[in-house]
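See below for the structure under consideration.
The values are calculated or read from the model by the stated rules, or taken from the named source; none is laboratory data. A quick note: this is a predicted structure, and the numbers were derived from the prediction, not measured. No Cβ is skipped: glycine too gets one built from the backbone with ideal geometry, and neighbour counts run over all protein chains shown. Quick note on the areas: whole protein, heavy atoms, side chains included, nothing else; ligands and nucleic acids left out. Shrake-Rupley method; radii C 1.70, N 1.55, O 1.52, S 1.80 Å.
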Amino acid sequence: MRQKIIIKTGGVLAILQLLLLAPKLQAQQTVVDSSVLDRINELEKQMAAKKTGEDHFMVAGLATMGFASYKTTNTVNGSSTVTKGNSFPDADNFEFSPMLLWRHGKKLLAEFEPSFNNNGVSVNWADVSWFATPGLIVRAGYLVLPLGTYSKREAAGWIDKLATDPMGIADMAPTDYGVEIEGGLPLGSSKINYDVALTNGNQLLPDGTITSGNIVDNNNNKTITGRLGLLPFSNSSLEVGVSGMFGKVGDQGANIQNTMAKVYAFDLNYVKLLKPILINIKSQYNIQDIDKVDYINPADSSTYSFNNHTISFFVQGSLRPVNASGFIKNVELAGRYTIFNTPANSTFGSNQHTFTIGLDYWLSWRAVFKITYEAYKGNSTASKTLGAYTGLTTTNTLFVHFAIQL
Amino acid sequence: MKKLSLKNISAIISISFCIIFAISIIYGCKASQKVSMKTGAQLWAENCQRCHNTPSPSSFSPEQWETIGLHMQTRALLTDTEREKIVEFLKQ
């Protein structure tokens, strides 16, 4: 860049010099000062020698930070306990994740996003994409799985309109090691897209919960995750998608080794300017079914069983008067309703929902200041005979939050 | 019964998507004339707001837009023509 500026100013000076000399030259018909010609030749040589190269490296990513103040009331068998707390970063409120992007020519892109967050230092994704032919991208590495759209497209702090993630949605679409193909194709005035990944798959833990992202597969069976998306209108305002994730989750050699997990997701995204307001509706519904087998109660290692069925759902709407003038055009109002029902009669079952509302102020297209209020209600459906029942829990939290795309 | 109907709905939705997908492959994927006529500026205005606020062309250099164009194609699953036109517009 500096070199470019020097060359440019050098060139301009040379031209100025020539212009100043011009009248003299006309009058006297003498040859141009040879030092000027030498200088021009030299600059031309330098320009010819300068190679632009074909790769490019940049740092992007995101940072979010905030403050949360909450009050929780838990009622079991008629007696209530109240806890209050406040904290600067909490689970949803601190992340500093610089993302590295390398581009080789026009067909290869590597992305790596380490993250400093409430889990210490971890990695959000690390993969390489090859733009093989129009409509086909091939990727390998540590991938965000294409189950629904929230995890891959909507979770970043400066993208999400509210300070919290909808419960249970991202957990079912984890990051995993494997390969992936994806692409977007025109279809008349509509568009379709596909995204399919083959990965190690999740691991079933003895208590019936799931963990993800094992670098060495816990069984020899791979998990397939796929999504098909459709944008029916030519203005791309609406996208709907269906996804599925299928694979065995039991440990090799264990009596649960053939246990299958099937997850389905349906997603919707609608963004349209109805002057002067930009309307934004996002929704996703996840259903997770794991075969019914004997699980182990972590409290006493006895075996027990339950229907291992989980659902999570959210619908979110937001309004921003983008065509208004002044202060008001940077304000956005958002609301969300979330349901997260974990298996009844397990040791962790609960029927939960949250109402979340928020007011955002956009400092730029990629920096936002949010005030979010969330009301949570969880009704335990955990097994009473196993002593896991936890009654009714309500939590009200106020978040003050700042997020920026780096 | 409730569970069964949920499964049926899931199956119907999934199958309809597969049919749409199959039809599009059989008929070859072509954009209509209306879509082919769209400019980079129009595609930028329509597509980038689907997930986040529309970025200003002045935020990044031409080289950076080239990289971000590929990166966003992996998130938004833009068609190749869309990405090329949008990046051309953003580089100006």
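Using a Gaussian network model of chain A whose springs link C-alpha atoms within less than 10 Å, name the residue from A:Phe340, A:Phe348, A:Phe57 with the highest mean-square fluctuation.
A:Phe57
Take the Cα pairs of region A:207-315, get the Kirkwood Rh, then feed it into Stokes-Einstein at 20 °C and 1.002 mPa s and tell me D in µm²/s.
In µm²/s, the coefficient rounds to 129.
Given springs between every Cα pair under 10 Å in a Gaussian network model of chain A, which of A:Ser87, A:Ser383, A:Ser115 has the largest fluctuation?
Among A:Ser87, A:Ser383, A:Ser115, the largest GNM mean-square fluctuation belongs to A:Ser87.
A plus B alone minus the pair: what accessible area, both sides summed, probe 1.4 Å, in Å² to 100?
About 4700 Å² of accessible surface is lost on pairing.
What is the mean number of Cβ atoms from other protein chains located within 10 Å of the Cβ atom of each residue in peptide B:64-74, rounded to a whole number?
The per-residue average across the peptide is 6.
Restricting to Cα pairs below 8 Å that are 6+ residues apart, what does the relative contact order work out to for region B:38-92? Please round to a whole percent.
Worked out over region B:38-92, it gives 51 percent.
Kindly report the accessible area of the protein assembly as shown per residue (heavy atoms of protein chains, probe 1.4 Å, no ligands, DNA or RNA), in Å².
Here the residues of the protein assembly as shown average 49 Å² of exposed surface.
If you average the sequence gap of Cα pairs under 8 Å that are 6 or more apart and divide by the length of region A:268-406, what percent do you get for the contact order?
17 percent
How would you classify region A:140-199 from its alpha-carbon gyration tensor, with a ≥ b ≥ c the square roots of the eigenvalues: rounded for a/c under 1.5, else prolate if a/b is greater than b/c, otherwise oblate?
oblate
Quick check: the angle from helix A:34-49's long axis to the longest principal axis of chain A, C-alpha only, nearest 10 degrees?
It is inclined by approximately 30 degrees.
May I have the convex hull volume per residue, in Å³, for the Cα set of region A:83-195?
For region A:83-195, the hull spanned by Cα atoms encloses 139 Å³ per residue.
Peptide A:187-196: average number of partner chain Cβ atoms within 10 Å per residue?
Per residue, the average neighbour count from other chains is 6.
Measure up A:Lys107/A:Lys282; A:Lys222/A:Lys377; A:Lys191/B:Lys85; A:Lys152/A:Lys262 against 25 Å on the Cα-Cα distance and list the ones that go over.
Over 25 Å apart, Cα to Cα: A:Lys107/A:Lys282; A:Lys222/A:Lys377.
For chain A, what relative contact order do you get, as a whole percent, if you take Cα pairs closer than 8 Å and at least 6 residues apart?
Across chain A, relative contact order equals 13 percent.
Quick check on region B:38-92: what does the Kirkwood estimate of hydrodynamic radius come out to from the alpha carbon pairs, in Å? Could the numbers behind the result be given before it?
Numbers: mean 1/r = 0.0921 Å⁻¹.
Taking the inverse mean of 1/r over all distinct Cα pairs, region B:38-92 comes out at 10.9 Å.
Ignoring any ligand, DNA or RNA, what whole percent of the accessible area of chain A comes from carbon and sulfur when the probe is 1.4 angstrom?
Answer for chain A: carbon and sulfur cover 62 percent of the accessible area.
Within 10 Å of each Cβ of A:322-334, how many other protein chain Cβ atoms are there on average?
Average per residue, whole number: 0.
State the Cα centre-to-centre distance between region A:238-302 and region A:77-129 in whole Å.
20 Å
For chain A, set up a GNM with springs between Cα atoms under 10 Å and report which of A:Asn396, A:Asn286, A:Asn220 has the largest fluctuation.
A:Asn220
Given only helices, namely DSSP H runs of n ≥ 4 each adding -39500 (n - 2.57), what is the per-residue ellipticity at 222 nm of chain A, to the nearest 500 deg cm²/dmol?
Values: 2 runs with 43 residues, N = 406.
After summing the helix terms and dividing by residue count, I get -3500 deg cm²/dmol.
If every alpha-carbon in the protein assembly as shown counts as one equal scatterer, what log10 I(q)/I(0) does Debye give at q = 0.11 1/Å?
Debye output, listed in q order: -1.01.
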